[in-house]
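Visitor: Okay, handing you the structure first.
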Amino acid sequence: MIIHKTDEEIELIRLSGDVLGRAHAEVAKCIKPGVKTSHLDKVAYEFISDHGGYPSFKGYKLKKSTPYPASLCISVNEVVVHGIPDEYELQDGDIVSIDCGVCLNGYHSDSAYTYAVGNISEEKERLLRVTLESLFKGLEMAVSGNRIGDISHAIQSHVEKAGFSVVRELVGHGVGKMLHEEPEVPNYGKRSTGPKMLEGMVIAIEPMVNMGKKNVLQEKDGWTIRTADRKPSAHFEHTVAIKKGKPDVLTTFKYIEEVVKVKNG
Ligand code: MF3
Ligand code: CO
């Protein structure tokens, strides 16, 4: 069942998304060679708690998994998603995806951003750019009367035109009182298929894009998903409402972008 949201609920998700955007920026400030991913997780946990929220992922169970142990999913290079923060120190040339959810006043928001650590290869730069562009191609399709497959198709065609591949096993999702609601939002598919989008739907769109082949594997920890060919993967995510017929993005990269701009001089 797809749960449509009232305007008031959409505003609550936007408030949750604002805290989330600012938590991401606090993490972004710390991203540099030598920092432990567990430190980034601590920064996010403290910022979210200090602002009256709860990190949506902490303790969350996906299917029959063990409860997720952290506030962030931190996925470096060939890790696609669900990397668990640990003692790894980021290195110059890495790409690192930071995925985070906030629950505030009973409503979740969910977003992810992939960063360059120091100087990265041109091919990694292109992977980040194409993945971010594909998210916006998907967001543009989140209008009343379109179907979920229109989002999926827009993402897949942009990614494949660039010579990259789309992960099949993980998908976007509805967002609201629960982190994961219906519908599923795949990053591949056919136009004019799937559930119809209507006023008040709130969904997370989250393309996961591999530089090499689309296949992924799960590590023995029961969470970490990596590419089968160990080539890099990128991930960007926004939570978006269909409001007045159009996409209304409820999470934000504006705080992140301010930090990234200052870092790049
Ligand atoms: N953004 C991811 C998703 O929506 C994060 C989920 S991680 C979990 O699937 F820990 F919460 F499961
Ligand atoms: Co998500």
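Derivation of every value follows stated rules applied to the coordinates shown; laboratory data play no part. Predicted model, so just to flag it, every value in this text is computed and none were measured. Every residue, glycine as well, gets a Cβ built from its backbone with ideal geometry; the counts of neighbours run over all protein chains shown.
Visitor: Can you run phi through the Karplus equation (6.51, -1.76, 1.60; θ = phi - 60°) for the range 151-168 and list ³J(HN,Hα) in whole Hz, with x for Gly and Pro?
Guide: Going residue by residue, I get 5, 4, 5, 4, 5, 4, 5, 5, 5, 6, 4, 7, x, 9, 10, 9, 6, 9 Hz, with x marking Gly and Pro.
Visitor: Additional query: Round to a whole angstrom and tell me the spacing of the C-alpha centers of the range 240-260 and the range 72-118.
Guide: Spelled out, the Cα-based centre of one part sits 18 Å from the other.
Visitor: Suppose each label sits 7 Å from its Cα in the direction of the beta carbon; what would the residue 54-residue 92 distance come out to in nanometres?
Guide: Roughly 4.3 nm, to one decimal.
Visitor: Along Cα→Cβ, 7 Å out, is where each label goes; now give me the distance between the ones at residue 30 and residue 178 in nm to one decimal.
Guide: 3.1
Visitor: Mind giving me the nanometre distance, one decimal, between the label points for residue 123 and residue 61, set 7 Å out from Cα along Cα→Cβ?
Guide: So the label points at residue 123 and residue 61 sit 4.2 nm apart.
Visitor: While we're on this one: From the square roots a ≥ b ≥ c of the eigenvalues of the alpha-carbon gyration tensor of the range 3-148, which class results: rounded (a/c under 1.5), prolate (a/b over b/c), or oblate?
Guide: Cα axes put the range 3-148 in the oblate bin.
Visitor: Under the rule a/c < 1.5 gives rounded, and otherwise a/b versus b/c splits prolate from oblate, where does the range 99-156 land using the Cα gyration tensor?
Guide: Note, shape of the range 99-156 comes out oblate.
Visitor: Can you tally the net charge around residue 38? Count Lys and Arg as +1, Asp and Glu as -1, for every other residue whose Cβ sits under 14 Å from the Cβ of residue 38.
Guide: -2
Visitor: Also: Can you compute the helix-only [θ] at 222 nm over the chain? Use -39500 (n - 2.57) per DSSP H run of at least 4 residues, normalise by all residues, nearest 500 deg cm²/dmol.
Guide: Calculated mean residue ellipticity at 222 nm is -10500 deg cm²/dmol.
Visitor: Please give the FRET efficiency for residue 8 paired with residue 193, using the beta carbon to beta carbon distance and R0 = 30 Å, rounded to the nearest 0.05.
Guide: Once rounded, the FRET efficiency stands at 0.40.
Visitor: Rg (Å, one decimal) plus Dmax (Å, integer) for the alpha carbons of the range 7-263?
Guide: 16.8, 48
Visitor: Take the alpha-carbon centre of the range 23-43, take the same for the range 145-184, and report the distance between them in whole Å.
Guide: Each part's Cα centre sits 28 Å from the other's.
Visitor: Continuing with this model, one more query. Which of the trypsin sites (Lys or Arg not before Pro) found in the range 164-216 are in a DSSP loop and have at most 16 neighbouring Cβ atoms, other than their own, within 10 Å?
Guide: The qualifying sites are 168, 177, 190, 191, 213.
Visitor: Would you list which lysines come within 20 Å of residue 32, measuring only between C-alpha atoms, while excluding same-chain residues fewer than 8 positions from it?
Guide: Answer for residue 32, where 20 Å is the Cα cut-off: 42, 124, 254, 261, 263, listed by chain and number.
Visitor: To continue, here is another question. In a Gaussian network model over the chain where Cα atoms closer than 10 Å are linked, find which of 122, 184, 11 has the largest mean-square fluctuation.
Guide: With Cα springs under 10 Å in the chain, the top fluctuation among 122, 184, 11 is at 122.
Visitor: Which percent, nearest 5, of DSSP beta bridges in the chain are antiparallel?
Guide: Restricted to the chain, the bridges split so that about 100 percent are antiparallel.
Visitor: Straight-line reach only, C-alpha to C-alpha below 15 angstrom: list the aspartates and glutamates that residue 231 could link to, leaving out same-chain residues fewer than 8 apart.
Guide: List returned: 78, 94, 122, 123, 125.
Visitor: Within 11 Å, Cβ to Cβ, of residue 2, how many net charges do the neighbouring residues add up to if Lys/Arg are +1 and Asp/Glu are -1?
Guide: So the environment of residue 2 carries a net charge of -1.
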